[in-house]
């Protein structure tokens with residue numbers, strides 16, 4: 001319950017501000033840092049209203065900051081016996097690490113599952129016992145408490161041996177020393193609902209010395225109260241965003257506050273809903289730029305900010321001997337690593353090595369690929385040059401073992417060698433994050449834990465732990481109209497309207513969370529935090545009382561469902577009048593809504609400039625036939641899918657190996673006569689040789705050898721597949737000779753000239769052609785050869801590229817246990833393939849004429865700028881890799897094109 005402290009009288013804000021400008025201003029202890037800022041701003045307005053332009057900074061501070069400042073002054077004045085002073089006051093992170101080591105050592109015979117969490121609870125229990133030490137003695141009534149006492153004894157011994165102390169011990173020492181000091185004669189409390197024992201000791205001492213303790217008076221006006229129900233959390237966020245938008249549209253000067261019972265859980269979704277309603281133009285920003293309208297009181301872990309996360313990601317990646325693609329992919333795309341002028345090239349490099357299935361590279365190979373034009377489609381010479389020096393520096397650091405405090409400067413220099421945080425100017429939040437991270441590195445120089453020398457990886461892990469536990473909140477613009485905060489920060493909030501969201505019965509009051517290492521009965525008796533129903537109920541009553549006097553209108557909301565669970569409004573809000581959500585909104589005129597919208601037509605697009613079309617292959621016509629907008633995105637905007645990272649050889653990589661091996665094999669064969677004349681032993685030798693050459697060629701392309709075990713397995717699998725395919729080739733009845741083997745050809749359709757590469761063309765003894773396209777996947781099926789908008793045009797284009805008569809136009813499926821020919825064949829001698837009934841009605845000359853007309857029409861359509869978003873094949877269009885980037889597309893029926 002709240003402490004019973006005699007109070008002289010309640011002070012109004014005006015009385016407090018008048019007292020602060022007197023010759024003997026009072027000390028004002030404030031419940032939280034937000035209220036410190038609020039009162040400071042109000043005091044500044046008060047002084048400016050009096051015509052003042054300069055004034056002394058008022059003594060507004062939190063109890064923790066005031067106590068720490070008193071400690072520094074007493075140390076400087078020599079109040080403490082030097083021998084009694086600790087050498088180090090451990091911060092919470094270092095103390096928890098020491099607790100963890102002590103627990104691990106104490107329980108080494110029976111190791112515990114998670115000593116990290118247990119160490120945090122032990123550290124909290126230690127602080128509670130010190131803070132509530134004047135209360136009734138604690139009896140060791142539980143096994144957990146007995147374990148804790150044993151750990152605490154070892155902890156105190158360890159601290160004494162090193163002349164260290166925890167922050168709780170230091171605060172206890174300060175309060176004992178303050179008993180002999182003269183405290184302020186006038187103190188004002190602001191925003192406190194409950195008084196913790198340490199603060200209560202200070203107040204009692206002030207009264208014993210004849211001082212005076214006052215309390216800042218709340219606003220006496222009572223707000224209009226209302227409660228609202230929402231379907232779920234998403235609906236609740238939508239309603240709040242609509243309420244905020246309509247209120248600010250009608251009252252631009254209004255100040256709104258949104259208070260969440262669990263802000264950490266709701267923060268991301270709530271802010272997204274608010275920004276979507278109020279600042280839609282900023283939704284696609286990928287930096288940490290703060291909102292000009294929305295202020296958030298809850299900070300995030302410093303490690304979660306992108307600029308810091310990339311620094312940690314880089315240091316972690318450098319602890320590996322090789323370049324792990326999964327780790328470095330994000331770094332290649334980071335705006336904080338490397339030169340900004342080469343950002344596009346690094347992104348293209350990332351897309352390339354995903355396509356190649358490169359899961360791991362040696363550092364030397366990585367730098368060569370980064371610096372060269374081939375085989376990669378990009379080049380980053382500046383980045384490669386600087387990273388070469390950085391990798392050399394990293395290599396020397398990886399073999400060192402240094403005290404933790406000696407790692408700060410090498411880590412900072414290494415980041416700078418890798419050009420972190422980039423060459424572009426930093427935004428405000430990015431700059432603040434960088435400075436906070438540098439401060440964390442500087443604090444690493446004060447680290448006393450671990451006590452033994454550590455290696456590079458351990459130093460990086462320790463730095464990561466520190467910035468993960470460091471809460472950081474960037475300074476935000478003072479133009480905010482909406483303040484989002486948690487319940488604890490709501491003390492002293494002032495706004496025109498307040499919305500309390502997620503006001504459920506299991507949040508107001510909050511469930512108990514007593515420390516599991518301390519006896520529950522003792523925690524209830526001393527009213528320890530989160531251990532007493534009476535304390536939590538009192539907190540809810542005080543909070544709602546404050547909110548009801550802090551604004552002209554207070555609205556509470558609660559979702560009705562969370563998944564399958566049904567939720568209920570807190571019983572403390574049941575007496576508030578219930579209102580439909582629409583009654584809370586001020587009317588928004590249609591004129592305001594219409595003025596915020598602008599219509600821009602994106603049809604038609606300009607005709608194609610062939611000089612700006614670097615890529616011209618068969619997939620262009622396939623995309624145009626499938627969806628004209630898809631062709632526009634791929635071939636005019638150069639949009640393409642980025643492959644997922646793989647931990648093994650990708651299917652397309654194996655397909656390339658098959659193509660290379662078969663191409664090399666037919667370079668030496670040239671005709672069908674050798675198919676039947678070569679002995680089996682010679683076949684095995686040739687196949688083994690071309691498969692080995694294929695792997696070597698791909699390794700040179702990657703500028704890195706395959707791992708030996710991997711190369712051996714891939715070679716065996718590739719040899720077996722090629723042997724299976726040659727066995728099928730031997731069953732061909734007609735003689736032939738090779739006339740094209742991975743040969744480039746061109747086909748002109750209208751004004752569009754396509755550049756193609758034919759896998760293979762055989763010429764039969766009678767002069768007809770057998771056109772073959774290797775397929776290593778299992779998904780290919782013969783197209784509809786007479787379709788007016790064919791989406792698989794590769795074989796059709798190959799047929800148009802040659803003038804000789806055709807005997808077969810087929811795909812060769814080269815897959816283990818599935819080798820066969822698929823397509824059109826007219827007495828070509830190919831094994832296990834039936835004559836297509838289509839050839840009974842049409843011959844290849846008729847089909848060539850049809851393909852020339854339909855494909856020319858598609859080419860002309862593309863050249864003229866036809867880019868409508870029409871899905872001629874809805875199923876295939878939806879399955880396309882770029883489908884998520886297209887607008888919701890119309891079907892042919894929607895456009896009326898089937899009439």
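The values are calculated or read from the model by the stated rules, or taken from the named source; none is laboratory data. Since we're looking at a predicted model, the values are computed, not measured. Please note: Cβ atoms are built from the backbone with ideal geometry, for glycine as well, and neighbour counts cover all protein chains shown.
Before moving on, here are some points about what is shown:
Let's see how each residue does on (1) in contact with a helix residue (DSSP H, G or I) (Cβ under 9 Å, 6 or more places away or on another chain); (2) part of a helix (DSSP H, G or I):
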site	(1), (2)
329	yes, yes
336	yes, no
341	yes, yes
344	no, yes
349	yes, yes
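- Count of residues meeting criterion [assigned to a strand (DSSP E or B) and either within 19 Å of residue 568 (Cβ to Cβ) or under 32 Å from the mean Cα position of the chain (by Cα) (or both)] in region 485-537: 7
- Of the residues screened, residue 540 is one that is touching a helix residue (DSSP H, G or I) at 6+ places or on another chain (Cβ under 9 Å) and closer than 15 Å to residue 490 by Cα.
- When we screen 461, 475, 468 for residues that are assigned to a loop (DSSP other than H, G, I, E, B) and under 23 Å from the mean Cα position of the chain (by Cα), the only hit is 475.
Matching residues to (1) at pLDDT 75 or above; (2) under 35 Å from the mean Cα position of the chain (by Cα); (3) crowded, with 18+ Cβ neighbours inside 10 Å; (4) under 15 Å from residue 791 (Cα atoms):
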{"site": "824", "(1), (2), (3), (4)": "yes, no, yes, no"}
{"site": "840", "(1), (2), (3), (4)": "yes, no, no, no"}
{"site": "843", "(1), (2), (3), (4)": "yes, no, no, no"}
{"site": "847", "(1), (2), (3), (4)": "yes, no, yes, no"}
{"site": "851", "(1), (2), (3), (4)": "yes, no, yes, yes"}
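- Those strands (runs of 3 or more DSSP E) lying entirely in region 706-809 with at least 1 residues assigned by TED's automatic domain parsing to the domain that holds residue 688, touching a helix residue (DSSP H, G or I) at 6+ places or on another chain (Cβ under 9 Å) and more than 21 Å from residue 822 (Cβ to Cβ): 736-749, 752-764
- Output for region 92-126, where each listed residue is more than 35 Å from the chain's Cα centre (by Cα) and either surrounded by 14 or more Cβ atoms within 10 Å (Cβ to Cβ) or in a helix (DSSP H, G or I) (or both): 102, 105, 106, 107, 126
- Which numbered condition residue 379 fails, given (1) part of a helix (DSSP H, G or I); (2) over 30 Å from residue 94 (Cα atoms); (3) within 28 Å of the chain's Cα centre (by Cα): (1)
- Taking first residues from region 550-571 that are under 18 Å from residue 237 (Cβ atoms) and not assigned by TED's automatic domain parsing to the domain that holds residue 501 and partners that are at pLDDT below 90 and part of a strand (DSSP E or B), no Cβ contact under 7 Å between residues at least 6 apart in sequence or on separate chains turns up.
Let's see how each residue does on (1) buried (at least 16 other Cβ atoms within 10 Å of the Cβ); (2) in contact (Cβ under 8 Å) with a residue 12 or more places away in the chain; (3) in the same structural domain as residue 270 (by TED's automatic domain parsing):
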site: 163; (1), (2), (3): no, yes, no
site: 168; (1), (2), (3): yes, yes, no
site: 202; (1), (2), (3): yes, yes, no
site: 236; (1), (2), (3): yes, yes, yes
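- Of the criteria (1) free of Cβ contacts under 8 Å to residues at least 40 places away in the same chain; (2) assigned to a helix (DSSP H, G or I); (3) surrounded by 18 or more Cβ atoms within 10 Å (Cβ to Cβ); (4) in contact with a strand residue (DSSP E or B) (Cβ under 9 Å, 6 or more places away or on another chain), which one residue 40 fails: (3)
- If only residues of region 562-589 that are out of contact with any strand residue (DSSP E or B) (no Cβ under 9 Å at 6 or more places or on another chain) and assigned to a strand (DSSP E or B) are counted, the one that is modelled with the lowest pLDDT is 565.
- Residue match in region 652-660 (condition: in contact with a helix residue (DSSP H, G or I) (Cβ under 6 Å, 6 or more places away or on another chain), surrounded by fewer than 17 Cβ atoms within 10 Å (Cβ to Cβ) and either modelled with pLDDT of 85 or more or part of a loop (DSSP other than H, G, I, E, B) (or both)): no
- Among residues of region 818-847 that are in contact (Cβ under 8 Å) with a residue 40 or more places away in the chain, those with a Cβ under 6 angstrom from a residue that is in a loop (DSSP other than H, G, I, E, B) and surrounded by fewer than 15 Cβ atoms within 10 Å (Cβ to Cβ), sequence gap 6+ or separate chain, pair up as 820/832; 829/733; 831/731.
- Test for residue 58: is it within 44 Å of the chain's Cα centre (by Cα), in a loop (DSSP other than H, G, I, E, B) and surrounded by 17 or more Cβ atoms within 10 Å (Cβ to Cβ): yes
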